[in-house]
There are 2 protein chains.
Amino acid sequence: MFRTNNCGELRSRNTGEKVTLAGWVKRSRNLGGMTFIDLRDRYGVTQIAFNMEVNAELCEKARKTGREFVIQVSGEVMERSSKNKDLPTGDIEIKAESLEILSASETPPFTIENDTDGGEELRMKYRYLDLRRDPLQRSLALRHKLALETRKFLDEQGFLEIETPYLIKSTPEGARDFVVPSRMHENQFYALPQSPQIFKQLLMVSGYDKYFQIVRCFRDEDLRADRQPEFTQIDCEMSFVEREDVLQTFEKLARHLLSSTIEVELPEFKRMPYAEAMEKYGSDKPDLRFNMPIHDLTSEMKGADFKVFDNAPYIAGINASGCAGYSRKDLDKLTDFVKRPQIGAKGMVWVKYNEDGSIKSAIDKFYGQDDLRERLAKTNAQPGDLVLILSGDKKPMQKALGELRLEMGNRLNLRKPDDFAPLWVVDFPMFERDDETGQLHAMHHPFTSPVAGHESLLRSEPEKALANAYDMVINGVEIGGGSIRIHDRDTQKTVFEALNFTDDEAQKQFGFLMDAFKYGAPPHGGIAFGFDRLAALTAGKDSIRDFIAFPKNNAGRDLMIDSPATIAHEQWNELRLKPIDDEK
Amino acid sequence: MFRTNNCGELRSRNTGEKVTLAGWVKRSRNLGGMTFIDLRDRYGVTQIAFNMEVNAELCEKARKTGREFVIQVSGEVMERSSKNKDLPTGDIEIKAESLEILSASETPPFTIENDTDGGEELRMKYRYLDLRRDPLQRSLALRHKLALETRKFLDEQGFLEIETPYLIKSTPEGARDFVVPSRMHENQFYALPQSPQIFKQLLMVSGYDKYFQIVRCFRDEDLRADRQPEFTQIDCEMSFVEREDVLQTFEKLARHLLSSTIEVELPEFKRMPYAEAMEKYGSDKPDLRFNMPIHDLTSEMKGADFKVFDNAPYIAGINASGCAGYSRKDLDKLTDFVKRPQIGAKGMVWVKYNEDGSIKSAIDKFYGQDDLRERLAKTNAQPGDLVLILSGDKKPMQKALGELRLEMGNRLNLRKPDDFAPLWVVDFPMFERDDETGQLHAMHHPFTSPVAGHESLLRSEPEKALANAYDMVINGVEIGGGSIRIHDRDTQKTVFEALNFTDDEAQKQFGFLMDAFKYGAPPHGGIAFGFDRLAALTAGKDSIRDFIAFPKNNAGRDLMIDSPATIAHEQWNELRLKPIDDEK
């Protein structure tokens, strides 16, 4: 027993008790006659007092313990003369009677403070030190609580957590798999799952009725910022359900998680068809903490001899309320923003509704003030407002306006981390066509069923078929997505055909699922939540990295353990593999 | 909404209610005027009644639904005239008013009954059908409950569940790693973790104080019966603890798990040094549901001109109480048992204590009856008992006697599945020497600390050094094992040296851990439980396979999804790999 108490729990009521604490030296102050050490552990910070007059030797010892030393201290709990109201233990201190150094510390490569001086790379390399910082400890504690509350809630709803295998089989559909060479079966590979999709569907066929799992998933993608090759899902599936049953169940889960962890009561979940989300917000995951919808101005703006508009298949704008005062420089910055390759607009037209009632715009020479006011009536712009207009092909310009809308939301501080605006986006298309190859791809995945009545469209007009799929979106973040699944062979075959799978490929890759449907498959559906992102959202943060104990960098490397790495020659041999350009 | 109720919840009190149920046809009986369907789901079975006189068409439809069809039935809850006391819903039945076939079923390849007619291989291939059987549904529900109760208990004790990465780095120490080729870093590999050992130690260095995780682990071993290439651990670690703190904490966990799932109150945990376990039970995981200890008879049995014993370094026996009546055939079978290669004895000497007070043995010509009685006094054999003696080298004969003891325990029905005899085996050696290579290996792992006072033995007499390690053993099964860890660089270096690691290797593989110890590492220790085995033990079963939803066979194959499998040519190319004997 190294301690009687932790560093976060002693209060005035403990005054007079003899205690032993252990922890890290957060800070020590030598005030001549007295030396104070702030002792830190996961639970808090307690002040330890050493008195030169009482025990000079002990005080000298205390002075030699540097930052991050691990020490054990015994002494008496004393009421402090000057209390620290910022610290839960701030009413007391420990009058030290003994001190043992359990582990010395060199000077850490960066300061272990809320705002550290360490750069990203250094902190990743010394992740075990970064993880000592309070914000990260809070992140991981929140993540723990979210996982536990998820499990308690789903258990109470009758769900069983069932583990599915990590060593499965590679399927070319979707993103790229990580594969694992088999030593026992030469030239054969396992694959790490991108999700337990098929296994959870098989569990429904097996009659488990309500399944969930908090499970790691793997995707060998070219990493973008804030993507991880391994990530965690809350994966769920239910039998004998329709869409409404799933939405109701998981709305309750989301409510429970936010109320039990951060005491937030979520407002009503809106429902929005995918088409509406794209039209109004240029995104399939609109941030509804603010409105600022996109207004289609295609017919309104044409016929004023402004070639750019006259030639554009789509013209639309947003009303940035209260931004009429934007300077030329501000507007240039916004123009630069929309012209960035990832936004992809060719330019931007701005229209200022000045406070004096006049209108000033970049297209004054084509439109008179009254004309413009009338054409832009839809935007409901008032004096003081700024209308921003993009034109071009419809889909990319919708997305660009969606991005511009978010940018204005940021500038206007309309995206508050402690506001929560949840919705379900529904009625996604079944398929999207790859512009380059002309191939259809499943928008969710090939196991998604069409909405009732759209079955026949799968063959005749697949692009018009809507999927019985849904995404949970909160604050512009897709928190989860799912669908009612196909549970009969014929529909599944039709979808595989639309996706250009040969019978042979379908059989080889998903034969066991098709076979399973032969033996009595219940109607079923489910959802999967991105758990890393859910944790970040709950904490009001953008980056998931602080919610993963040991994340990888954007190149998929773990800088701390230095992985991936070379393996031994015997390992290559045992796996019967060699590098492609090995000439031996 | 496909149902108003599940198939396990309706009772007499529901009589008169209009309900809709959905599930699988377990059985249907055509009694002429009436047809009955037993409708099954995860929650139970409910009888559905179709009356030819009331609705002939519906009744005909019911007669066409075969086993494992998925149907939806609406009707009224009726009190049954002849109640079925074996069924929780046996007081009622549903008077069917409508029937919809949601999914037809072909005849399953084996019967979905508690005792199925399906062979192992067939059931693995159609695992989704095997999983419909009641024993498997109960196994997975128990596993779910064990996991949830583990989490609730550890959360209440202040533990945080923290996820550690699955894509880590290969280390040659210990069993063989599964590796994952990196596409982005040519000729480099991740490895799948054999356990999160180092990460949990780093979390202690990071100050998380109490960590746990229910986590998948991977070992690429040549599979033996009931070994899986992927398995699940309850992995735990605590800071500022001594051995006693860990044992107390996890004894409580084990008690909680058994009482909350199967309402068993575990008796007191014994403590037994490794050396005693080997001496008395020939095993480091003794089954203490029965005693039958091994008695060392080496000095007692020598000096009677029986060459086999006179030349043996070790002679010892067990007293199989009440077995004096064993026939020649019984004894031959036991002799065959101990001579099996995996047991490894050359022969067996038996001594019968007949009920009439006489003694009959295989070595009558060397020992007189009274002489033998005296020499075997230790065994405390009484009339009616049978003493079984093996001789040879000490270690292998201890193990052989341990196996013989278990065999006799089985024969005498002393190993009851609903008895529980828990103990901690402690004071393991730090190292064991490989007989072939002469190399020392870590008995637990290289991060295990020596017991206090044995530090200096690490260099001088490493084989005598005892480890501060402990195994939780219940009913002859090692449920968990752990240790107090090394938390300083010097001791860690000494252990690496004893294990013949060069400084370079130690630095390359574990440099980040050694580095972490530079910055203030708390004393810490922990334990990991084999979760698959814990679930099997709790259910009183020997095989773990029924407690894993989708297990692999003994060749590491998943027969259902047919994995491992070949991958596409582009996947080889993207990974920049080729087969070792590829001549292109």
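Some points to look at:
- From the options A:PHE496, A:PHE501, residue that is open to solvent by less than 40 Å² (accessible area, probe 1.4 Å) and outside any helix (DSSP H, G or I): A:PHE501
- Listed conditions (1) farther than 25 Å from B:SER12 by Cβ; (2) modelled with pLDDT of 95 or more; (3) of a type outside the set (D, E, K, R) are all met by B:PRO88, apart from (1).
- Filtering region B:414-450 to residues that are among the small types (Gly, Ala, Ser) and over 20 Å from the mean Cα position of the chain (by Cα) leaves B:GLY438, B:ALA442, B:SER449.
- Residue under evaluation A:ASP310, criteria (1) within 35 Å of the chain's Cα centre (by Cα); (2) over 30 Å from A:MET472 (Cα atoms), criterion not met: (1)
- Residue that is farthest from B:LEU146 (Cα to Cα), among those in region B:536-568 that are at the interface with another protein chain (Cβ under 7 Å from one of its Cβ atoms) and aliphatic (A, V, I, L, M): B:ALA568
- Filtered residue count, region B:515-528, keeping only those that are open to solvent by 10 Å² or more (accessible area, probe 1.4 Å), in a strand (DSSP E or B) and more than 15 Å from B:PHE199 (Cβ to Cβ): 1
- Any chance B:PHE309 is closer than 23 Å to B:GLU279 by Cβ, open to solvent by less than 40 Å² (accessible area, probe 1.4 Å) and in contact with an Asp or Glu (Cβ under 7 Å, 6 or more places away or on another chain): no
- The condition (being more than 20 Å from A:ASN468 (Cα to Cα), within 13 Å of chain B (Cβ to nearest Cβ) and part of a strand (DSSP E or B)) is satisfied by just one residue among A:TYR190, A:TYR211: A:TYR190.
- Here B:LEU140 clears all of (1) crowded, with 23+ Cβ neighbours inside 10 Å; (2) part of a loop (DSSP other than H, G, I, E, B) except the condition numbered (2).
- Flag if B:VAL205 is over 30 Å from A:ASP582 (Cα atoms) and more than 7 Å from chain A (Cβ to nearest Cβ): no
- Cross-chain or 6+ apart pairs with Cβ under 6 Å, region A:429-455 first and farther than 14 Å from A:THR491 by Cα, then polar (S, T, N, Q): A:HIS444/A:SER483
- Screening region B:118-136 for residues that are facing chain A (nearest Cβ under 7 Å) and not aliphatic (A, V, I, L, M) and picking the one that is nearest to A:LEU203 (Cα to Cα) gives B:TYR128.
- Residue check for A:ASP532: loosely packed, with under 15 Cβ neighbours inside 10 Å and more than 7 Å from every other protein chain (Cβ to nearest Cβ): no
- If you go through region B:214-263 and keep only what is within 13 Å of chain A (Cβ to nearest Cβ), outside any helix (DSSP H, G or I) and among the small types (Gly, Ala, Ser), you end up with just B:SER239.
- For region A:433-452, a residue qualifies if it is more than 21 Å from A:SER195 (Cα to Cα), open to solvent by 50 Å² or more (accessible area, probe 1.4 Å) and in a strand (DSSP E or B), and exactly one does: A:ARG433.
- Some residue of region A:365-380 being of a type in the set (S, T, N, Q), open to solvent by less than 60 Å² (accessible area, probe 1.4 Å), closer than 30 Å to A:LEU247 by Cβ and not assigned by TED's automatic domain parsing to the domain that holds A:PHE250: no
- Selection within region A:323-349 - assigned to a helix (DSSP H, G or I) and either surrounded by fewer than 13 Cβ atoms within 10 Å (Cβ to Cβ) or not hydrophobic (A, V, I, L, M, F, W, C) (or both): A:ARG328, A:LYS329, A:ASP330, A:ASP332, A:LYS333, A:THR335, A:ASP336, A:LYS339
- Residue in region B:276-299 that is touching a residue at least 60 places away in the same chain (Cβ under 8 Å), under 30 Å from B:PHE199 (Cα atoms) and away from chain A (no Cβ under 14 Å) present: yes
- Residue list for region B:353-389, filter: charged (D, E, K, R) and within 36 Å of the chain's Cα centre (by Cα): B:LYS378, B:ASP385
- Test: B:ALA400 is surrounded by fewer than 13 Cβ atoms within 10 Å (Cβ to Cβ), of a type in the set (A, V, I, L, M) and on the phi < 0 side of the Ramachandran plot: no
- One residue from A:ARG80, A:ARG29 being surrounded by fewer than 14 Cβ atoms within 10 Å (Cβ to Cβ), away from every other protein chain (no Cβ under 14 Å) and of a type in the set (D, E, K, R): A:ARG29
- Test: residue in region A:56-75 that is open to solvent by 20 Å² or more (accessible area, probe 1.4 Å), touching a Gly at 6+ places or on another chain (Cβ under 9 Å), free of Cβ contacts under 8 Å to residues at least 24 places away in the same chain and away from chain B (no Cβ under 14 Å): no
- In region A:350-361, the qualifying residues are those that are outside any loop (DSSP other than H, G, I, E, B) and not hydroxyl-bearing (Ser, Thr, Tyr), and the one that is most open to solvent (accessible area, probe 1.4 Å) is A:LYS360.
- Among residues of region B:377-392, those that are out of contact with any Cys (no Cβ under 9 Å at 6 or more places or on another chain) and farther than 13 Å from B:LEU297 by Cα, counted: 3
- Residue within region A:264-271 that is in a strand (DSSP E or B) and open to solvent by 10 Å² or more (accessible area, probe 1.4 Å) present: yes
- Residues of region A:180-224 classified as surrounded by fewer than 24 Cβ atoms within 10 Å (Cβ to Cβ) and of a type in the set (A, V, I, L, M), total: 5
- Residue count for region A:148-180, restricted to those that are at the interface with another protein chain (Cβ under 7 Å from one of its Cβ atoms) and in contact (Cβ under 8 Å) with a residue 12 or more places away in the chain: 16.
- Residue count, region B:483-493 (criterion: part of a helix (DSSP H, G or I) and open to solvent by less than 10 Å² (accessible area, probe 1.4 Å)): 1
- Selection status of A:THR46, without any contact (Cβ under 8 Å) to a residue 24 or more places away in the chain and closer than 22 Å to A:PRO135 by Cβ: no
- Of all residues in region B:22-38, exactly one satisfies the criterion of being in contact with a Cys (Cβ under 6 Å, 6 or more places away or on another chain) and in contact (Cβ under 8 Å) with a residue 40 or more places away in the chain, namely B:GLY23.
The values are calculated or read from the model by the stated rules, or taken from the named source; none is laboratory data. Predicted, not measured: the structure shown is a model, and the values here were computed from it. With ideal geometry, Cβ positions are generated from the backbone for all residues, glycine too; neighbour counts draw on all protein chains shown. All accessible areas refer to the heavy atoms of the entire protein, side chains included, with ligands and DNA or RNA removed. Shrake-Rupley method; radii C 1.70, N 1.55, O 1.52, S 1.80 Å.
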